[in-house]
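Below is one structure, written out as structure tokens; comments come after it.
Just so it is clear, none of the values below were taken in a lab; they were calculated from the coordinates. Just so you know, these numbers come straight off a predicted model, no measurement behind them. When we count neighbours, we look across all protein chains shown, and the Cβ atoms used for this are built from the backbone with ideal geometry, even at glycine.
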Amino acid sequence: MDLHAELPSAVDTKDLLALAEGHHARATRPLGTREIAGHLVKPYAIEAPGRTVTERDAEAALRIAGDHLALGRSRGSLGLAVLIVHAGGDGDYVLVHTWIEGYMADLAVFAGPVGQPERLRPGRAGLAPCVWEAAVLAHERDAFARHVLDGAGTVADRLAAWSVDTVKADLR
């Protein structure tokens, strides 16, 4: 198919261009590795312009992650997870990404209104990470493969290397 001649009818050029025009960097920072519900967890904050992940937001996300990860072993969890607390432009989001058996991952997405962490609820079926969240998860996939799967040394050595390999810049 020659894409220069004609685009498929499902391609929404107007909305794609609107997204491209509004795309911007988002502040991203690691929140320090910690143990939650028996899992080693790397939490991150992502902040839309004019938004901040507060201590209250982080504490709510840690509680949500703890509740979710408490059932992790029954879903095949290997004990490693990534937590994303996203103060988005249209709402607040918490993602709990857990490495499970068979090279697979388990992802839970929670969503709620801006600044109301007590109202975060499981996202609708099919909800997936946005472009900024996906960038953190892509980095974490690479860090997991590099340090845990392909790393050298003891499991403790591999996990120590994994835990300090974090996203170092704001995300585009």
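Annotations for the structure displayed:
- Axis of helix 155-164 versus longest Cα principal axis of the chain: the two differ by about 40°, to the nearest ten degrees.
- Computed over the alpha-carbon pairs of the range 87-172, the distance histogram in 5 Å steps reads 3, 13, 20, 20, 18, 13, 9, 4, 1 percent, short to long.
- Per-bin percent of Cα-Cα distances, the chain [5 Å]: 1, 8, 16, 19, 19, 13, 9, 7, 4, 2, 1, 0
- Filtered trypsin sites (Lys or Arg not before Pro), the range 50-125: DSSP coil and at most 10 other beta carbons within 10 Å: Arg124
- Stretched out straight at 0.36 nm per residue, the stretch from Ala20 to Lys168 would grow longer than its current Cα-Cα span by 50.9 nm.
- Rounded to the nearest Hz, the phi-derived 3J(HN,Hα) couplings of the range 95-107 under the Karplus curve 6.51 cos²θ - 1.76 cosθ + 1.60 (θ = phi - 60°) are 10, 10, 10, 10, 7, 10, 4, x, 6, 9, 9, 10, 10, where x marks glycine and proline.
- In degrees, nearest ten, helix 131-143 long axis to first principal axis of the chain (Cα): 40
- Estimated dipole of the chain in Debye, rounded to 20 [Cβ of Lys and Arg +1, of Asp and Glu -1, Cα centre]: 440
- Angle of helix 13-22 to the longest C-alpha principal axis of the chain, folded into 0 to 90 degrees and rounded to 10: 60°.
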